[in-house]
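Laboratory data are not the source of any read-out in this text; all were calculated from the coordinates shown. In this text, all values refer to a predicted model and were calculated from it rather than measured experimentally. Every residue, glycine as well, gets a Cβ built from its backbone with ideal geometry; the counts of neighbours run over all protein chains shown.
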Amino acid sequence: MKLENLKPATGATKKCKRVGRGQGSGKGGTSTRGTKGAQARAGYEHKIGFEGGQMPIQRRLPKFGFKNPTRVEYKAVNVAALQALSEKIGKVEIDVEDLRVAGLAGKNDLVKVLGNGEITAAITVTADAFSKSAISKIEAAGGKATVTE
């Protein structure tokens, strides 16, 4: 095998289609665009969703639903995660910043503590919101739930 004998595998390369180079090329005349109409002209661009004049799907289907512009979205953290975090870092006061450092919440997330799991440590938790079951479990373990303003 020599460098000058190397060539691509059969069928790996194709000849480029040279359009508009005269009738002898087989692709002259209309340059494979067909005859007449907007698509045969230079500079033709169809709109997004254009279906050849048929009523587009985004106009055939009805509008529905509602997006609440004042929705407040919270990052959920369960009391079981708080129990594990308090054992890991050895603190009795946990706030939103501790949850961010531990990777349980993002930089701009509002945090809501939910009541899934068990908690035995008496910890003071500060978060943006609490569920009723989370408050009852934290207080039953001897801790305190505080909502940030």
Review point. Taking K and R as +1 and D and E as -1, what net charge do the other residues with C-beta under 13 Å from the C-beta of LEU85 add up to?
Key: -2
Check your understanding: Is segment 1-134 rounded, prolate or oblate when judged by the Cα gyration tensor, a ≥ b ≥ c being the square roots of its eigenvalues, rounded requiring a/c under 1.5 and prolate requiring a/b larger than b/c?
Key -> oblate
Exercise for review: Specify the angular offset, from 0 to 90 degrees and rounded to the nearest 10, of the alpha carbon long axis of helix 79-89 from the longest principal axis of the alpha carbons in the chain.
Suggested key: 80
Exercise for review: Would you work out which of GLN58, SER31, PRO69 lies farthest towards the positive end of the dipole of the chain? Charges go on Cβ: Lys and Arg +1, Asp and Glu -1.
Suggested key: SER31
Study note, to complete from the structure: Out of LYS14, LYS75, LYS91, a Gaussian network model of the chain with alpha-carbon springs under 10 Å gives the largest mean-square fluctuation to LYS14
Point to revise | Radius 10 Å from Cβ of THR126, net charge of other residues (Lys, Arg +1; Asp, Glu -1) | key: -4
Study note, to complete from the structure: Of all GluC sites (Glu not before Pro) in segment 22-103, the ones in DSSP coil with at most 15 other Cβ atoms within 10 Å are GLU45, GLU73
Review point. Which lysines have a Cα lying under 18 Å from the Cα of LYS112, excluding residues fewer than 8 positions away in the same chain?
Key: LYS75, LYS132, LYS137, LYS144
Point to revise | Cβ charges +1 (Lys, Arg) and -1 (Asp, Glu), total dipole of the chain, debye | key: 2160
Exercise for review: Note down the nm distance, to one decimal, between modelled labels 7 Å out along Cα→Cβ at ARG71 and at THR148.
Suggested key: 2.3
Check your understanding: Rounded if a/c is under 1.5, else prolate if a/b is larger than b/c, else oblate: which is segment 74-147, with a ≥ b ≥ c the root eigenvalues of its Cα gyration tensor?
Key -> oblate
Review point. What ranking, highest mean first, results for peptides 135-144, 21-30 when packing means the other Cβ atoms within 10 Å averaged over each residue?
Key: 135-144, 21-30
